[in-house]
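These notes concern the structure reproduced below.
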Amino acid sequence: MADKLYMIVPCYNEEEVLPETARRLREKYTSLIGAGLISPDSRVVFVNDGSRDRTWDIIRELHASDPVFSGIDLARNSGHQNAVLAGLMSVRDICDVSITMDADLQDDINAIDEMLANYYEGNQVVYGVRSTRKTDTFFKRFTARSFYRFMKAMGADVVYDHADFRLMSARVLHELAEFREVNLFLRGLVPLIGFKSCIVYYERHERFAGKSKYPFGKMLSFAVNGITSFSTKPLKLITAIGFIMSVISACAIIWAFIVKLLGHSELGWSSTMCSIWFIGGIQILALGIIGEYIGKIYAEVKRRPRYIVAEFINDGDNCDAEKNP
């Protein structure tokens, strides 16, 4: 008996592309079921992340016309990463394997075959990785490469050129549920789980329709969240700078007194310079030390729900989606 595949597709204002995405996924599922690679009980789960257009209405229509399509409606916009997590956590008890992909058809649906082949060979995680960035602008290529290199330098174990197109087994999903970070960055979190994994390379396409949901401002915020979620090195850098400034301030104090003794300073200059250098150095050092503690406790103290599921429509399996994970 083939394993049951649940695909998680986060959607935010995707009414233009959603019908085509559903059509292509239906064709792919028909092919995979016919080849005996997945169970006929497999499903595609569209996660509506608080869309303001007809996205949820379309998901309902798709579900009514074909039981292969399921839907999760979040109570509000929770962000892409939380929408992906909401889908994964909702199906972890009813699937054997899951695949996450975006709704814009930039991820290659045909790569699913190779992902499943690697899964059946024993890989618990399969990362979809872009084979090239030829279609990106110079600015996009430069910023993307800089981001991955900086993440590596900060100590985060990320897969280069991998976004959120990945396969994970049910075992991995249950382990993922044990991670309770509020500031979610799945690209760095999944490699921490471990298990046997591999990479499938694919050619990323242009967006089929609609506008990108990740303009430069959101991409920058996403990068900052990824860095602060997986590394305390920026805080340690601040501490190092504070220590260096304190040493420099001590040297400046000695130099100021020497200048004063030689009679080459203006009235009040020595005391002003000493105050500025000393207080500035101590302040930065103190901020660095405090930041070390804040960085470790900040994500844990609020413990707000990462998402809230308003409704889960799904035929064939009985499950209760997590409302307050």
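Annotation: of all residues in the range 137-165 being part of a loop (DSSP other than H, G, I, E, B), of a type outside the set (A, V, I, L, M) and open to solvent by 30 Å² or more (accessible area, probe 1.4 Å), the one that is modelled with the lowest pLDDT is THR137. Checked against (1) modelled with pLDDT of 70 or more; (2) closer than 30 Å to ARG43 by Cα; (3) open to solvent by 60 Å² or more (accessible area, probe 1.4 Å), GLY316 meets all criteria but (1). In summary, helices (runs of 4 or more DSSP H) completely within the range 170-240 and bearing 3 or more residues that are within 23 Å of ALA83 (Cβ to Cβ), modelled with pLDDT of 75 or more and of a type in the set (A, V, I, L, M) occur at 170-176, 186-193. Scanning the range 103-136 for residues that are closer than 19 Å to ALA22 by Cβ and in a loop (DSSP other than H, G, I, E, B) yields ALA103, ASP104, LEU105, GLN106, ASP107, ASP108, ILE109, ASN110.
The values are calculated or read from the model by the stated rules, or taken from the named source; none is laboratory data. If you're wondering where the values come from, they're calculated on a predicted model, not measured in any experiment. A quick note on method: Cβ atoms are made from the backbone with ideal geometry, for glycine too, and the neighbour counts reach across all protein chains shown. Surface areas here come from the heavy atoms of the whole protein model, side chains and all, with no ligands, DNA or RNA. Shrake-Rupley method; radii C 1.70, N 1.55, O 1.52, S 1.80 Å.
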